[in-house]
1. Provide a single number: the residues in the range 6-39 that are of a type in the set (S, T, N, Q), crowded, with 21+ Cβ neighbours inside 10 Å and closer than 26 Å to A187 by Cβ.
2. List every residue pair whose Cβ atoms sit under 7 Å apart, with the two residues 6 or more apart in sequence or on different chains, where the first one lies in the range 24-42 and is aliphatic (A, V, I, L, M) and the second, anywhere, is assigned to a loop (DSSP other than H, G, I, E, B).
3. In the list I21, I11, I42, I56, which residue meets the criterion of being modelled with pLDDT under 95 and either aromatic (F, W, Y) or under 20 Å from the mean Cα position of the chain (by Cα) (or both)?
4. Condition check: surrounded by 23 or more Cβ atoms within 10 Å (Cβ to Cβ) and touching an Asp or Glu at 6+ places or on another chain (Cβ under 8 Å). Does I56 satisfy that?
5. Starting from the range 118-139, take each residue that is touching a residue at least 40 places away in the same chain (Cβ under 8 Å) and list its partners that are polar (S, T, N, Q) and surrounded by fewer than 20 Cβ atoms within 10 Å (Cβ to Cβ), counting only C-beta distances under 6 angstrom and pairs at least six apart or across chains.
6. Just the residues that are under 13 Å from V168 (Cα atoms), touching a residue at least 60 places away in the same chain (Cβ under 8 Å) and surrounded by fewer than 20 Cβ atoms within 10 Å (Cβ to Cβ), please, taken from the range 182-208.
7. Where in the range 124-194 are there strands (runs of 3 or more DSSP E), lying wholly inside it, with at least 2 residues that are farther than 14 Å from G111 by Cβ?
8. Within the range 229-254, which residues are of a type in the set (V, I, T) and either at pLDDT 90 or above or crowded, with 16+ Cβ neighbours inside 10 Å (or both)?
Amino acid sequence: MIHEVCLITKIEAVNPTITKIKFQSQFIANSAKEGQFVNIRIDETSVPLLRRPFSIYYTTDKEVEIVFGIMGMGTNKLNHKQVGDTLDVIGPLGKPFNLDDGEDISILVGGGLGAAPLPMLYRSLQQKNKQTVIFLGARNKNYLLKNYLQASYISTDDGSEGYKGNIVTLLENYLSKSPKKNYKIYACGPTQMLIELIKVANKYKVKCEVSLETMMACGIGICQGCAVKYKNSTKKYALSCVDGPIFNANDIEL
């Protein structure tokens, strides 16, 4: 982990609702792992007071990419940044995905902006020569995050691209019709999507890790603001920022 002021080198629209910012940080770019995040202070004023967490979307040798939609004051201010401005960044933070579960087929499932951790994960699985199947869903086509990914299945709630309906429905159709193999699901997205997805994973006895979307403040386990309840553990609560954001799906209560 490092705390540094990073130069913004590129800003571009991924689609009409999602913006990508690229900033320089050789340390974060070279040390970040799949599923980790950075915590960013938007500007030097006290409004917004708290940092904002962003999944690490992609990295090159010296640069890091994040993506975001305008959700409130913080992301609205971030959207007004320009190339040459700086960001106050702490990272990489959090526990990454476990890529050593020995599955034969890796299933990646992403919902909307929650799919941001998948490109890093997909790249690493490809480097390990893993067979991958990618499911992407969103409310409409303007919220799909397809860059760096080769999606096998796409769904939108309104039918503007791909299957009209829920991505979890597509996943269950796939599992129900596929030969029984050693699968593992890696899922990122809204909490309600993850709840339904975990039910499907358990129904078909498929290993599953999830990336949680929780409110965070410090990002390093001090404020205790991102508590998640454990199942069947002597430790009652986990902190998403340090114990996660990646969890075994059956270790937590959503």
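1. So the count comes out to 2.
2. A29/T60; A29/D61; A29/K62; A32/I56; V38/I56; I40/R51; I42/P48
3. I42 is the lone residue from the list that is modelled with pLDDT under 95 and either aromatic (F, W, Y) or under 20 Å from the mean Cα position of the chain (by Cα) (or both).
4. yes
5. Going by the 6 Å Cβ cut-off, the qualifying pairs are V133/S152.
6. Those that are under 13 Å from V168 (Cα atoms), touching a residue at least 60 places away in the same chain (Cβ under 8 Å) and surrounded by fewer than 20 Cβ atoms within 10 Å (Cβ to Cβ): P190, T191.
7. Result: 131-138, 183-188.
8. Answer for the range 229-254, where residues must be of a type in the set (V, I, T) and either at pLDDT 90 or above or crowded, with 16+ Cβ neighbours inside 10 Å (or both): V242, I246, I252.
The values are calculated or read from the model by the stated rules, or taken from the named source; none is laboratory data. Predicted, not measured: the structure shown is a model, and the values here were computed from it. In this analysis, Cβ positions are derived from the backbone assuming ideal geometry, glycine residues included, and neighbour counts consider all displayed protein chains.
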